[in-house]
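Each value in this text was obtained by applying a stated rule to the coordinates, not by laboratory testing. Small disclaimer: the values here were computed from a predicted structure and weren't measured. Don't worry about glycine lacking a Cβ; one is built from the backbone with ideal geometry, like all the others, and counts go over all protein chains shown.
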Amino acid sequence: MSIEIPSHIIARVCDGKNLLAFSGGVDSTALFHIFQNYGIDFDIALVNYGLRSQAKEEEDFAKGLAKKYNKKAHISYAPKWDRDFEANAREFRYSFFEKLIEKDGYTNLITAHQLNDQVEWMMMRLIRGAGVSELAGMKEISNRVTANGTKYTLIRPLLSVSKEEIEKFLIDNNLQYFIDKSNESDRYERNRFRKILNPIVNRYSKGISRSFEYLNYDRDIIKSLYRIVYKKKQFFIIEYDSVSVIDRACDEVLKSMGYLISGNERICLREQNSIVVGRKWAVEIRDRYIYIAPYIKNLKMPKDFKEKCRTAKIPPKCRAYLYSIGIEPKDILLNQTISDKM
């Protein structure tokens, strides 16, 4: 059995420097060999969380596979967290990937998310309250930016492929892979959904994949109602045509920064013009514009800089970040889209 990757994704990865997020599990191992079959050049990056007895064996497997196929294997060792493991692990993982992107010039980050992951994500968002944009879940191709302003593309080639198909590919081709036994634990909410949803996805994968295509089409219509008109590092200005898309616009930008807004935060974005999200992100709404920047407290700024911000209509909570990275308020223009956009 073989798995085909959409031609537009093949064209994208063949035109860049690729970093594959690798774990040694079913999905990333399959994607490794699929890319290899296509003759696509890439390196791999693995995070060793040190939580399981087989963690060292998985690391050695990744290194051996990379050596066999003449690829770089970047390894990082995660600290121990007493709580919020999934959130902390995700932040650590993407921070590691983005540092490699900045240091080694990778233009594409490839992850092995597949159709079952899409459905799990959709259900987890559904029970918390979500609209079309959130239910549509992950995109095959997303433009991202690192904390230091380096642009890259996040690519997920397997989103329309079911877990069952991926496992069959590995078995039919007699390829070694590891099974993460923590995926069977009911300790994690995602695993509880997985046990219920996997049989459904396996049986109705084509229809489900088609539904995500429709959801993405609807999401694109919604996205046409707002646009990023200015971006510099982690400072964004978004112009919107309807107040109904404010929370969706904020969700997209913050998600590109690695932060997922909660249901309560979504409500606050609809009702308030100035909030701090996750104790980290300032979101301020003025006229037809949304301003988003990292929130910095107690930073002393010269009076003339504050006056320049006031004249340029930069909201107060965003000013400290602009000052910290040396953005001149007069250089921010709202009447045109600049080239440095998401």
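Which shape class applies to segment 148-258: rounded if a/c is under 1.5, otherwise prolate when a/b exceeds b/c and oblate if not, where a ≥ b ≥ c are the square roots of the Cα gyration tensor eigenvalues?
prolate
Contour minus end-to-end for F85 and D180, with contour as 0.36 nm per residue of separation and end-to-end as the Cα-Cα distance?
My answer for the length gained is 32.6 nm.
Below 28 Å, Cα to Cα, which lysines can K300 reach? Residues fewer than 8 away in the same chain don't count.
K231, K232, K233, K280, K308, K313, K317, K330
At q = 0.15, 0.20, 0.21, 0.24 Å⁻¹, work out log10 I(q)/I(0) for segment 226-331 with the Debye formula, treating every Cα as an identical point scatterer and leaving solvent out; two decimals please.
-0.57, -1.02, -1.12, -1.42
Classify segment 55-120 as rounded, prolate or oblate from the Cα gyration tensor: take a ≥ b ≥ c as the square roots of its eigenvalues, call it rounded if a/c is under 1.5, otherwise prolate when a/b beats b/c and oblate if not.
Taking the square roots of the gyration eigenvalues as a ≥ b ≥ c, segment 55-120 is rounded.
State the extension gain, in nm to one decimal, for the chain segment bounded by I141 and L51, taking 0.36 nm per residue of separation less the distance between their alpha-carbons.
Answer, rounded to one decimal: 29.3 nm.
How far, in degrees from 0 to 90, does helix 55-68 lean away from the longest principal axis of the Cα atoms of the chain, to the nearest 10?
So the helix axis and the longest Cα principal axis differ by about 80 degrees.
Using only the Cα atoms of the chain, build the gyration tensor, take square roots of its eigenvalues as a ≥ b ≥ c, and label the shape rounded, prolate or oblate: rounded if a/c is under 1.5, else prolate if a/b is larger than b/c, else oblate.
Working: a/c = 1.89, a/b = 1.63, b/c = 1.16.
It comes out prolate by the Cα gyration axes.
Report the equivalent ellipsoid semi-axes for segment 89-187 in whole Å, largest first, defined as the square roots of five times the eigenvalues of the gyration tensor built from alpha carbon atoms.
Semi-axes from the Cα gyration tensor: 25, 21, 15 Å.
Provide H8, H33 in ascending order of the number of other Cβ atoms located within 10 Å of each residue's Cβ, fewest first.
Taking fewest neighbouring Cβ atoms as first place, the list is H8, H33.
Of the DSSP beta bridges with both residues in the chain, give the percent that are antiparallel, rounding to the nearest 5.
65
Order of W281, W121 from fewest to most other C-beta atoms within 10 Å? Walk me through the numbers before you get to the answer.
Working: W281 23, W121 19.
Neighbour counts put them in this order, fewest first: W121, W281.
For the chain, modelled as a GNM with alpha-carbon contacts under 10 angstrom, which of N202, N37, N143 fluctuates the most?
Answer for the Gaussian network model of the chain: N37.
Can you flag which of K139/K306; K72/K139; K71/K223 are past 31 Å Cα-Cα?
Beyond 31 Å between Cα atoms: K139/K306; K71/K223.
Please check which bits of segment 128-162 a label hung off I221 would reach, taking the label as a point 7 Å along Cα-to-C-beta and the cut-off as backbone N under 14 Å.
Only 132-133 fall inside the zone, counting backbone N under 14 Å.
Which length gain, in nm to one decimal place, applies between R279 and E167 when the Cα-Cα distance is subtracted from 0.36 nm times their residue separation?
36.2 nm
Please report Rg over Rh for segment 20-131, where both radii come from the alpha carbon positions and Rh follows the Kirkwood definition.
Details: Rg = 15.3 Å, Rh = 15.5 Å.
On the Cα set of segment 20-131, Rg over Rh gives 0.99.
Just to verify a number: FRET efficiency for T311 and L126, C-beta to C-beta distance, R0 = 30 Å, to 0.05?
Approximately 0.10, to the nearest 0.05.
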